[in-house]
Amino acid sequence: SPLITRADVERESEINDLRTVAMASDEAVEDAAGKLLNIMSKGDTTLRSARLAAESCLLSECNAVKSTLTSIVAMERMALEERLQRLSVLETAVEAIDVRKDIDNYIKNDK
């Protein structure tokens, strides 16, 4: 019986064709994995960008609210200070009342 060589076994079992298919499959898997990693990286970058944009909007909105509240407080302070000035004028007028003198004047003018 003739001696069977490795080349004969590989040729009969079509191992070279299987090896070629396996190599092509390995390359396809590597390409797919690379594309998936790229997509995941882009998704992560997009998510981080969206989060940063949302945080920037929230910060801007909160600063606007603070500014509005500061303005309202300042306007309220001005209104209270104006009212306090009017109250001081009224208080001075009330303190200037001389009840005894006013009664005497009333009696004099009523005669």
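The values are calculated or read from the model by the stated rules, or taken from the named source; none is laboratory data. The model shown is predicted, which means the values in this text are computed figures rather than measured ones. With ideal geometry, Cβ positions are generated from the backbone for all residues, glycine too; neighbour counts draw on all protein chains shown. The protein model used for the area step is the full one, side chains on, heavy atoms only, and it has no ligands, DNA or RNA in it. Shrake-Rupley method; radii C 1.70, N 1.55, O 1.52, S 1.80 Å.
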Note to self: For the structure I just gave you, tell me whether T20 is at pLDDT below 90, open to solvent by 80 Å² or more (accessible area, probe 1.4 Å) and among the hydroxyl-bearing types (S, T, Y).
What the structure shows: yes
- [ ] Output yes when any residue across the range 91-99 is surrounded by 10 or more Cβ atoms within 10 Å (Cβ to Cβ), of a type in the set (S, T, Y) and outside any loop (DSSP other than H, G, I, E, B), and no when none is.
- [x] no
Any residue at all in the range 34-47 that is open to solvent by 90 Å² or more (accessible area, probe 1.4 Å) and among the acidic types (D, E)?
no
